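Remarks on the structure that follows.
Taken together, the values in this text are just the output of simple stated rules run on the coordinates, not laboratory data. Note that the coordinates shown come from a computational prediction; the quantities given were computed from them, not determined experimentally. Positions of Cβ are backbone-derived with ideal geometry, glycine not excepted, and every protein chain shown enters the neighbour counts.
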Amino acid sequence: MTGTERFDSCLLCGGRRLRFMRGYEKDHIFLCLSCGFVFCQVKPSEEVLNKHYSQYPRARSIGEITLKRYDSLLDSFELYRKNNNMIDVGCGDGHFLAAAKKRGWNVFGTEFTQEAIEVCEGKGIRMTKGSMSEQLYSPGTFDIVTSFEVIEHINTPQSEAKIFNFILRQGGVAYVTTPNFNSISRNILGPKWNIIEYPEHLSYYTPKTLTRLFEQNNFKMVEISTTGISFDRFHNSGSNQGNASLGADEQLRQKAENKIVFKMLKSVINHALNLTSKGDSLKALFKKN
Ligand SMILES: [Zn+2]
């Protein structure tokens with residue numbers, strides 16, 4: 001392949017009225033004037049992608065908070081348990097599926113590297129390597145399809161949502177998380193928002209465009225939320241040594257108080273972010289019609 005391949009129509013609606021986004025030229029980001037979808041116009045070559053993902057860091061272990069989140073998510077999935085099959089697309093090291101397996105789900109996953117495949121298989125997850133394909137599973141196999149922070153990495157949203165629909169049973173659900181392009185962080189930071197990165201991220205969703213994608217593929221939106229704001233994105237000073245003029249006890253007390261205030265603040269902020277659809281993290285549940 002010679003030269004750079006570029007999309008000349010919107011990945012979501014096929015519209016041809018595309019406009020580059022001022023300030024985002026470095027990452028080749030365009031906006032579709034018809035549907036509002038934001039995506040990378042350049043199609044990275046296999047070589048570029050292979051090089052990028054060969055140095056990709058993996059999360060080897062997960063924390064208490066993540067485990068708790070998995071638990072409450074799995075609680076909510078009980079409502080849909082019928083075939084007892086769940087698949088996590090781009091499942092990484094398989095932490096989420098391992099938690100699901102403990103609850104008796106038959107767990108399936110997909111990943112790209114041999115290393116990830118082996119790690120997951122070691123946890124009893126049935127893996128397939130590479131992109132999803134309709135040939136791999138019978139239609140209606142799954143109650144649940146999950147995909148955590150994956151769809152922003154791909155530039156084939158329509159075929160992805162189509163496959164999700166194909167492998168889900170009627171009434172089954174897809175749970176998808178992705179960064180929210182309409183977040184307050186991105187509004188403030190613009191192209192400096194740390195999510196904006198080529199060839200790492202190729203599609204940038206908002207609640208509206210994500211819902212549009214799934215509705216076009218025979219899903220109904222059940223729930224959508226945007227929460228969280230990462231303060232790290234605003235200051236990278238790392239000066240967290242505490243107040244040296246205070247005694248140790250006083251420092252501890254202040255830390256605990258800060259924690260309570262922080263927790264309250266966080267919950268208020270999350271509520272406000274969700275109401276205004278301005279949170280960093282977009283989470284959505286769609287049900288197959
Ligand atoms: Zn469009």
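Observations
- Partners for Lys26 among aspartates and glutamates (Cα-Cα distance below 12 Å; same-chain residues under 8 apart left out): Glu197
- The chain shape via C-alpha gyration tensor axes, a/c threshold 1.5: oblate
- Hits among aspartates and glutamates - C-alpha to C-alpha of Lys208 under 13 Å, sequence gap 8 or more where chains match: Glu223
- The value obtained for segment 5-53, namely the Cα convex hull volume divided by the number of residues, is 80 Å³ per residue.
- Proximal lysines relative to Lys51, as straight alpha-carbon distance under 17 Å, when same-chain residues fewer than 8 apart are discounted: Lys43
- Label point distance in nm, Met21-Glu78, each placed 7 Å from Cα along Cα→Cβ: 4.0 nm
- Label-point separation in nm, Lys208 to Met221, each point 7 Å along Cα→Cβ: 1.1 nm
- Karplus-derived HN-Hα couplings along segment 78-87 (A = 6.51, B = -1.76, C = 1.60, θ = phi - 60°), whole Hz, x at Gly and Pro: 4, 4, 9, 6, 9, 6, 6, 10, 10, 10
- Within the chain: Cβ-based charge dipole about Cα centre, in debye rounded to nearest 20 (Lys, Arg +1; Asp, Glu -1): 740 debye
- Distance in nm between pseudo-label sites at Phe262 and Glu121 (7 Å out along the Cβ direction from Cα): 4.2 nm
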